[in-house]
Amino acid sequence: MAVLVLGGAGYIGSHTVDRLIMNGYDVVVVDNLVTGHVAAINEKAKFYQGDVRDKEFLNDVFSKEDIEGVIHFAAFSIVPESMEKPLKYFDNNTGGMITLLEVMHEHNVKFIVFSSTAATYGEPKQIPIKETDLQVPTNPYGESKLAMEKIMHWSDVAYGIKFIALRYFNVAGAKADGSIGEDHNPETHLVPIILQVAAGERDKLTIFGDDYDTKDGTNVRDYVHVVDLADAHILALEYLKDGNDSQAFNLGSSTGFSNKEMLEAAREVTGKEIPAEMGPRRAGDPSTLIASSDKARSILGWDPKFDDVREIIKTAWNWKVTHPNGYNDREGK
Ligand code: UDP
């Protein structure tokens, strides 16, 4: 039987596909390649190009393949874009989930591991954030993912489709051998942007706001290595297959780094100057997001290997210097 990975050509999806294959799973990937890269998909996985909202296409994949469970990454994930184009997010993310669950129900597939987000919490009332804390998103991206969690809940009640929602905090880094990594166009995330400046592809970093109520006025985030995150999906799938109930888990490091601290760490790792300036706040940004990951550690047995943000940045830098054009070279662009 195979694991179906929707969005398996994307950044986190491709690392998860890679880890699944390294752990002996048969993997089927579905991706519409709007943001993903064929070259990122481990060649041992079977690939279907198509959209999660296309019910006929999904039905076809579920008919052809013997699918034991689904890991769902296929979603848009850029906070500022979601502020400008909320309907794009509700259509693709939330709408896509409805189609997916319909098809899973029709084909009697009972397990789904879902990439949710810390953005479902909004501005937290307490730090570190626990899974039981209030979820009040401050942007449409987070709202679209919270709606997806709720839709999964009611599909569990009605159809017995069991789910694990993994609420990611900030993800960075690349596979240690540098063969796969982060390649977004346009890039909006902090670590790859800092490294683009380090590589001379951008003039400078603009830090979005230094008037937040944090240690140095800049936003504080909790960074996890992408391979550690990928491994949590495999643990979550096995947890469901063991007969456990639907629930959510935070995936973070329980440590916060400010945007200024991330810049300093990247300067240290790369040995580059990395020019930076202060800019205005970015819409939709909560001030501080730090996870309590105790639950994932104790229940799933999640044991992240990267506990130093410099080591995370180092793997991203290794990918950057070995692939200055991202996947373009491998995709003949
Ligand atoms: N950020 C920044 N400059 C940039 C990109 C991001 O200051 O060019 C900040 C952003 O405002 C946030 C943090 O970096 O405080 C992490 O943002 P990112 O988009 O990487 O992830 P998010 O927290 O939105 O998921």
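Listed values for the range 17-31 are Karplus-derived 3J(HN,Hα) couplings in whole Hz (6.51 cos²θ - 1.76 cosθ + 1.60, θ = phi - 60°), namely 4, 4, 5, 4, 5, 4, 9, x, 7, 7, 10, 10, 10, 10, 7, and x replaces Gly and Pro.
Bridgeable aspartates and glutamates around LYS110 (alpha carbons under 13 Å apart, same-chain partners fewer than 8 residues away excluded): ASP66, GLU68, GLU102, ASP156, GLU238, ASP242, ASP245. Coordinate range of the alpha-carbon atoms in the chain per principal axis, descending: 54, 47, 37 Å. In the structure shown, do any of LYS44/LYS333; LYS44/LYS175; LYS260/LYS314 have a Cα-Cα gap over 19 Å, and if so which? Pairs exceeding the cut-off: LYS44/LYS333. The ranking of HIS105, HIS323 by Cβ neighbour count inside 10 Å, starting from the fewest, reads HIS105, HIS323.
Length, then width, then depth: along the principal axes, the Cα atoms of the range 58-121 run 38, 20, 14 Å.
Amide H contacts of SER246 (H built 1.01 Å from N, in plane; Pro and chain starts excluded): PHE163 sit under 5 Å, all sequence-distant by 5 or more or on other chains. Comparing mean-square fluctuations of ASP228, ASP242, ASP26 from a GNM of the chain with C-alpha springs under 10 Å, the top value falls on ASP242. Against the main long axis of the alpha-carbon atoms of the chain, helix 226-241 sits at an angle near 20°. Of MET22, MET148, MET262, the sequence from fewest to most neighbouring Cβ atoms within 10 angstrom is MET22, MET262, MET148. Using a Cα-Cα cut-off of under 22 Å, which lysines could be cross-linked to LYS125, ignoring same-chain neighbours fewer than 8 residues away? Filter leaves LYS145, LYS150, LYS215, LYS295. Using the Cβ of VAL17 as centre and a radius below 13 Å, the other residues enclosed give a net charge of -1, where K and R count +1 and D and E count -1. Across the range 290-304, rounded Karplus estimates of 3J(HN,Hα) from the backbone phi angles (6.51 cos²θ - 1.76 cosθ + 1.60, θ = phi - 60°) give 10, 8, 8, 9, 4, 5, 5, 5, 7, 8, 7, x, 5, 9, x Hz, Gly and Pro being marked x.
Projecting label points 7 angstrom from Cα along Cα→Cβ for ASN325 and ALA199 puts them 1.2 nm apart.
For the chain, the relative contact order is 19 percent, taking Cα pairs closer than 8 Å that sit 6 or more residues apart in sequence and dividing their mean separation by the residue count.
Bear in mind that the values in this text are calculations on the coordinates, not laboratory data. No experiment lies behind these values; they were computed from the predicted model shown. Using ideal geometry, Cβ is built from the backbone for each residue, glycine included, and neighbour counts are taken over all protein chains shown.
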